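The structure under discussion appears below in the form of structure tokens.
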């Protein structure tokens, strides 16, 4: 009887050992598969990360170019304002009659108004071009980085049962 129980225990032990070994191997295989899939997803991110970094460079270039253009415009505005002020003072100093002074001031006012409108148009153009550059860069980046969205599944209506 003792020999029969020993054989039964040995068989049960071997069966359990095989079961544990099979379970261990399946867990190891599942972990390896998960690691391989994760590595593939990480590799797939490289292109997206590069696109985002490249987009950051483009955005920086657009903003630097716009700032450079706006600073150049500001320099021109200040320079022309100072030149106009100096010219007006010279005109005042050289005027013999008040009528000459008033006519000169009116001409100067029209020229200043025209200059201000032109400067504003240039500023708007600079900002508009920068906005287009940002939009184009964002659109391009979105197309490269975003995953195509899947159409949502239509949900059927379930009837309520009383």
Item to complete: Please name all residue pairs, on different chains or six or more residues apart, with Cβ atoms under 8 Å, provided the first residue is in segment 101-113 and is modelled with pLDDT under 80 and the second residue is surrounded by 13 or more Cβ atoms within 10 Å (Cβ to Cβ) and assigned to a helix (DSSP H, G or I).
Response: 101/91; 104/88; 104/91
Worksheet, complete the sentence: When restricted to 59, 71, the only residue part of a helix (DSSP H, G or I) and within 30 Å of residue 145 (Cβ to Cβ) is 59
Response to the item:
Those residues of segment 93-127 which are surrounded by 12 or more Cβ atoms within 10 Å (Cβ to Cβ), over 49 Å from the mean Cα position of the chain (by Cα) and in a helix (DSSP H, G or I) amount to 100, 101, 103, 104, 105
Worksheet, complete the sentence: All-but-one check, residue 145 against (1) surrounded by 13 or more Cβ atoms within 10 Å (Cβ to Cβ); (2) over 16 Å from residue 74 (Cβ atoms); (3) over 28 Å from the mean Cα position of the chain (by Cα), failing number (3)
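Could you grab me the full set of residues in segment 61-75 that are closer than 14 Å to residue 116 by Cβ and surrounded by 14 or more Cβ atoms within 10 Å (Cβ to Cβ)?
73
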Worksheet item: Would it be correct to say that residue 43 is at pLDDT below 90, assigned to a helix (DSSP H, G or I) and either closer than 16 Å to residue 137 by Cα or over 22 Å from the mean Cα position of the chain (by Cα) (or both)?
Response: no
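The values are calculated or read from the model by the stated rules, or taken from the named source; none is laboratory data. What you see is a predicted model; the values in this text were computed from it and never measured. As a convention, Cβ positions derive from the backbone with ideal geometry for all residues, glycine included, and neighbour counts pool all protein chains shown.
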